[in-house]
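A quick write-up on the structure given underneath.
The values are calculated or read from the model by the stated rules, or taken from the named source; none is laboratory data. What you see is a predicted model, and the numbers here were worked out from it, not measured in a lab. Note: ideal-geometry Cβ built from the backbone for every residue, glycine included; neighbour counts use all protein chains shown.
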Amino acid sequence: MEIVLKAKVKTVPRVGIFWVFTYDRDFAEYELLCVTTEIIIIGSFYGTHKIKFNSKNHKTYNHKLTWQEREIKENPSIKQYTKKAYNYFPRGRVEIRNNTSTIYMNPHISEHQKVIAEVKKNFLLSSHYISDIKVIADGSEHYKCWMDW
């Protein structure tokens, strides 16, 4: 099952954050939660749902702060997961600069092409606005999850 929080689908690429809810190291079963923001080619950002921008630059989302939002906490389809801390599950971020998309993620996610393909689909990264997609397995403390502890 895939969970995507967005009001409407457009063909414009998106930036934002995501979580991969799984208890399996091999990602045999998982659910994907994407919190996306449409990016307009001139560089303006528009939120696609009720969650306000809460990153330092106020143009996208912060995992920890977004995890506390009512739209996440009270969503019945993911309530079983929100009992855990925001950093329990593998997670990542999608950024776009100069028509290049960069997907930063926990290294465990990067080993699973099916999950990456779903992230690309949900962030509309196959659109003609994106010339290159980079996938970065970020092993820093910032993206650590239960699989790393």
Odd one out for THR36, checked against (1) closer than 20 Å to VAL135 by Cα; (2) surrounded by 17 or more Cβ atoms within 10 Å (Cβ to Cβ); (3) at pLDDT 90 or above:
(3)
Being more than 20 Å from ARG25 (Cβ to Cβ) and surrounded by 12 or more Cβ atoms within 10 Å (Cβ to Cβ) narrows it down to one of GLU118, GLU111, GLU71, so name that one.
GLU71
If ARG93 passes every condition in (1) charged (D, E, K, R); (2) buried (at least 20 other Cβ atoms within 10 Å of the Cβ); (3) at pLDDT below 95 but one, which one does it miss?
(3)
Please state which of the following conditions ILE130 fails to meet, knowing it meets all the rest: (1) in a helix (DSSP H, G or I); (2) more than 15 Å from the chain's Cα centre (by Cα).
(1)
LYS84 passes all but one of the listed conditions (1) buried (at least 17 other Cβ atoms within 10 Å of the Cβ); (2) basic (Lys, Arg); (3) over 23 Å from HIS58 (Cα atoms); the exception is number (1)
Counting only residues that are over 12 Å from the mean Cα position of the chain (by Cα), more than 10 Å from GLY92 (Cβ to Cβ) and assigned to a helix (DSSP H, G or I), segment 108-122 contains a total of 4
Taking only pairs six or more apart or across chains, which ones have beta-carbon atoms under 6 Å, a first residue in segment 46-62 that is of a type in the set (Val, Ile, Thr) and at pLDDT below 80, and a second residue that is assigned to a loop (DSSP other than H, G, I, E, B) and surrounded by 15 or more Cβ atoms within 10 Å (Cβ to Cβ)?
THR48/LYS6; ILE51/GLU69
